Amino acid sequence: MSKEKPKPAVIRVEVPPELGEIYDGEKERQWVERRHRISGATLKACEGTLGKLINDEQAFEALCVAMSDVLVDWTLEGDDGPLPKPWQNPAAFRALYESDYEVLGWVWNLTFMSVAELLASKN
């Protein structure tokens, strides 16, 4: 029986307006929470470009596993409603890929942004 890791400290970032009004929720803009601290090993697991990774199924699945340790929560929705939560759930990234490739790229890039960049994007 595996235990879920406790959720770490996070930074919440709203989906940017340039990705469309479709991410305006009824009460607030949809958002993603990224963990505050990311280890070098996790960043190394995320290295490469998304364009190359989606052409290699094994690399894409490995990226989904690494991202499920970086992204803690979100309110992202697809055409059929809320997407699965990302924390410790690699399948959530497959669902996002199938829902909105452009937002998947934005989410993936959150992994590599510094805390200062993330905080600046909130203002």
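List of remarks:
- Given (1) in a loop (DSSP other than H, G, I, E, B); (2) modelled with pLDDT under 95, index of the condition PRO86 fails: (2)
- Search result, residues across the range 7-30 that are of a type in the set (Lys, Arg) and within 21 Å of ASP69 (Cβ to Cβ): LYS7, ARG12
- Among the residues making up the range 67-123, those that are aromatic (Phe, Trp, Tyr) and within 20 Å of TYR23 (Cα to Cα) are TRP74, PHE93, TYR97, TYR101, TRP106, TRP108.
- Residue list for the range 3-34, restricted to those being in contact (Cβ under 8 Å) with a residue 40 or more places away in the chain, in a loop (DSSP other than H, G, I, E, B) and within 19 Å of THR111 (Cβ to Cβ): LYS5, LYS7, PRO8, VAL15, PRO16, GLN30
- Counting the residues of the range 66-100 that are hydroxyl-bearing (Ser, Thr, Tyr) and in contact (Cβ under 8 Å) with a residue 40 or more places away in the chain gives 2.
- Taking the conditions (1) under 12 Å from GLU33 (Cα atoms); (2) surrounded by fewer than 18 Cβ atoms within 10 Å (Cβ to Cβ); (3) out of contact with any strand residue (DSSP E or B) (no Cβ under 7 Å at 6 or more places or on another chain) in turn, LEU118 satisfies each one other than (3).
The values are calculated or read from the model by the stated rules, or taken from the named source; none is laboratory data. Source: prediction; values computed, not measured. So basically every Cβ, Gly included, is an ideal-geometry build from the backbone, and we count neighbours across all protein chains shown.
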